[in-house]
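Encoded as structure tokens, the structure appears first; notes follow it.
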Amino acid sequence: MRIAVLNKDFCKPDKCSPFGEKPCIKYCPRVRTGDKTIVLSPDGKNVIITESLCSGEGICIKKCPFNAIHIVNLPDPLENQISYRYGQDQFSLFRMAIPKKGKVLGLIGQNGIGKSTLLKLLSNELSINFGRFGEKAPEWKEIIEHFKGSELHQYFIELKEEKTKIVHKPQNITVIPKFVSGKVFDLLNKNDRGEQLDQISKELNLIEILDREISVLSGGELQRVAIAAAYLKDGDIYLFDEPSSYLDVSERINMAKLIRTLSDKNKTIIVVEHDLAILDYLSDYVSILYGLPGVYGIVSHPQGVRVGINIYLNGYIKDENMRFREEAILFHERPPQESLFDSGDVVFSYDDIETSLGNFHLTASGSEIHAGEIIGILGPNGIGKTTFINSIANTITIEIKDMDEKMEESNKENSQKLKVTIKPQYIKIEEEGSVSDLIAQIKLAPHLSQSYKKRLINNLNLENIRERSFSELSGGELQRAAIARCLSTEADIYLLDEPSAFLDVEMRLQVAQLLRKSIEELKKSGFVVEHDIITQDFIADSILVFEGTPGLEGKALPPQNLRDGFNTFLKMMGITFRRDNTTKRPRVNKLGSNKDLYQKRINEFYYIPK
């Protein structure tokens, strides 16, 4: 079976050949004479695809130079398992996930692989069409009959008869102020069907913002309000699309604990989540979505949560004999016991920092960073992490305590020699241009090796969006472009604020690997603010922990080695982690479990040493 997909944004029929030829009109040399595989109409708008004739081997010399057309071989049995296709030459989703009452189903996969489409099908925002359109589109009777004998049979019967109420927490919560106005309390009170507003406000730390206007809320506050509003509704099926975005670690755990209580009420819960630790904590079982982003997605058979996440990391589904990633994602077995950089070259040192922004006051203990070292920064939202990053980047005024005039002059001289580049938390588009301009800048950078340039472009998948202007990029695409720009800039210190935001699991771990290799190869240094514990575990050599009262006072402790730093932070959060025996990835212990209580008793919150 073969499917062909056209990305019309990439199709440029007037520019695809310097000789005026249209490669996609030509005959494919791998099939019988006269068999056309793809035909583009003269106006360049309509595409006719004869999928059964193309070998799908990707060796045709008459291929589209802009990667607008994808022809992909798929196993023949999938032909009768297509659930939805947007159009003749558009994205296809194969199979369906199977939700269960009283259980939390986790969905894991890349962006553009069909997770949001799957949620829309399960909520009846889209109707299953089995790949057919127009007059041939199936009716409810055929859909229900198709799933006879499976757990989806009763699910779609109840959906058709409107016996179930569906609550959907959307992925993009930043648009909420465009459609909802007023105060937070009024919104939540309107959705409260069980007089639970006071309890939920406490569990999600919303009490202090109940009187605020929705239009002035930050991303994290909007996310918590959206989760609370969804929870307060009296639904039967709850769909949560990326509920951890914008939340810090403690807020993510609070959110996960709250969503899990819905299963005790025999509700059906489906969660799309890119933070593997939170997905692991939340889910009872998972379904993996794999394929080619923007072209097709396949829903795997349900797996136990531990086994399913390990399968995703390994890239091989044994019961389907399917490998969807060439290399497994591996974690180190144990954190270093002592700092590896005590004897390394010092790139930058700073004395105690003290600064104020309005009513907020920040202090940071002085320290130093070495060549090839990445200091991971952990702490709650509103505790001063971004302020600290900006202080290091010399973008705000800082006050240095206990400095005599001579030391102050010395620091000024050093700061003039030091080059700093920053990837900010909130990325603003302040210039025109396209990703192709960025790629050209990277390729022409004289201070970078050819292997470094290639790794930067390939690992961030910049070629896939090279024809897009910066203003057209999605949140995840803009994040990748910003990381590429930061890591391709010549500097001594690289400052990255939440680099995993808006990225899917696969890209998060690719970015983590890229950061590690880049800093090591450049022999420079980096500070990375990150809320995803697994990503931070993958990136950091040492940890800088922030403590204090969010919004009022923050204090940055001196950097600690990985084990001590994570132990300090997780103790503050009241959370314990263990290591998976197979992949060595960090896993959150269920609160109150035997392992959780044991690790707290021996004061090992991050890792049990062997």
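The values are calculated or read from the model by the stated rules, or taken from the named source; none is laboratory data. Just so we're clear, the structure is a prediction, and the values are computed from it rather than from any experiment. Backbone-built Cβ (ideal geometry, glycine too); neighbour counts: all protein chains shown. For accessibility, only protein heavy atoms count, side chains too; no ligands or nucleic acids. Shrake-Rupley method; radii C 1.70, N 1.55, O 1.52, S 1.80 Å.
What the table below lists for this structure:
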read-out: Check on GLU506, touching a residue at least 40 places away in the same chain (Cβ under 8 Å) and more than 25 Å from the chain's Cα centre (by Cα); value: no
read-out: Number of the exception - ARG508 against (1) open to solvent by less than 20 Å² (accessible area, probe 1.4 Å); (2) farther than 20 Å from LEU313 by Cα; value: (2)
read-out: Filter result for the condition that a residue is more than 28 Å from ASP351 (Cβ to Cβ), at pLDDT 90 or above and of a type outside the set (Val, Ile, Thr), over LEU514, LEU496, LEU557; value: LEU514
read-out: Breaking point among (1) open to solvent by 30 Å² or more (accessible area, probe 1.4 Å); (2) more than 24 Å from the chain's Cα centre (by Cα); (3) modelled with pLDDT of 90 or more, for THR395; value: (3)
read-out: Residue among ILE98, ILE128 that is surrounded by fewer than 21 Cβ atoms within 10 Å (Cβ to Cβ), in a loop (DSSP other than H, G, I, E, B), in contact with a strand residue (DSSP E or B) (Cβ under 8 Å, 6 or more places away or on another chain) and β-branched (Val, Ile, Thr); value: ILE98
read-out: Odd one out for LEU121, checked against (1) touching a strand residue (DSSP E or B) at 6+ places or on another chain (Cβ under 7 Å); (2) in a loop (DSSP other than H, G, I, E, B); value: (2)
read-out: Top-ranked residue in the range 188-201 [being out of contact with any helix residue (DSSP H, G or I) (no Cβ under 6 Å at 6 or more places or on another chain) and touching a residue at least 40 places away in the same chain (Cβ under 8 Å); ranked as farthest from VAL167 (Cα to Cα)]; value: GLY194
read-out: Test: residue in the range 220-235 that is farther than 29 Å from LEU152 by Cβ, open to solvent by less than 40 Å² (accessible area, probe 1.4 Å) and part of a loop (DSSP other than H, G, I, E, B); value: no
read-out: The one condition in (1) farther than 20 Å from PHE546 by Cα; (2) at pLDDT below 85 that HIS370 fails to fulfil; value: (2)
read-out: Condition check for ASN321: surrounded by fewer than 18 Cβ atoms within 10 Å (Cβ to Cβ), in contact with a Lys or Arg (Cβ under 7 Å, 6 or more places away or on another chain) and of a type outside the set (A, V, I, L, M, F, W, C); value: no
read-out: Yes/no for TYR426 being aromatic (Phe, Trp, Tyr), open to solvent by 10 Å² or more (accessible area, probe 1.4 Å) and on the phi < 0 side of the Ramachandran plot; value: yes
read-out: Filtered residues of the range 593-602 (kept if open to solvent by 50 Å² or more (accessible area, probe 1.4 Å) and outside any helix (DSSP H, G or I)); value: ILE602
read-out: Subset tally (residues that are surrounded by fewer than 16 Cβ atoms within 10 Å (Cβ to Cβ) and at positive phi) for the range 131-140; value: 1
read-out: Condition met for PHE185 (farther than 30 Å from GLY475 by Cβ and either crowded, with 19+ Cβ neighbours inside 10 Å or at pLDDT 90 or above (or both)); value: no
read-out: Residue in the range 149-176 that is most open to solvent (accessible area, probe 1.4 Å), counting only those that are among the hydroxyl-bearing types (Ser, Thr, Tyr) and closer than 30 Å to VAL225 by Cα; value: THR174
read-out: Sole residue being at pLDDT 90 or above, more than 23 Å from ASP345 (Cα to Cα) and buried (at least 23 other Cβ atoms within 10 Å of the Cβ), chosen from GLU530, GLU547; value: GLU530
read-out: Looking only at the range 138-162, and only at residues there that are in a loop (DSSP other than H, G, I, E, B) and under 34 Å from the mean Cα position of the chain (by Cα), the one that is nearest to GLN223 (Cα to Cα); value: GLU162
read-out: Subset of the range 552-592 [among the acidic types (Asp, Glu) and crowded, with 17+ Cβ neighbours inside 10 Å]; value: ASP564
read-out: Flag if PHE341 is aromatic (Phe, Trp, Tyr), modelled with pLDDT under 90, open to solvent by 40 Å² or more (accessible area, probe 1.4 Å) and touching a strand residue (DSSP E or B) at 6+ places or on another chain (Cβ under 6 Å); value: no
read-out: Residues (at pLDDT below 90 and part of a loop (DSSP other than H, G, I, E, B)) located in the range 164-176; value: PRO170, GLN171, ASN172
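Let's see how each residue does on (1) surrounded by fewer than 18 Cβ atoms within 10 Å (Cβ to Cβ); (2) out of contact with any His (no Cβ under 9 Å at 6 or more places or on another chain); (3) more than 22 Å from ASP504 (Cα to Cα); (4) modelled with pLDDT of 90 or more:
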residue	(1), (2), (3), (4)
GLU408	yes, yes, yes, no
LYS412	yes, yes, yes, no
LYS419	yes, yes, yes, no
GLU431	yes, yes, yes, no
ASP437	yes, yes, yes, yes
HIS447	yes, yes, yes, yes
GLN450	yes, yes, yes, yes
LEU456	no, yes, no, yes
ASN464	yes, yes, no, no
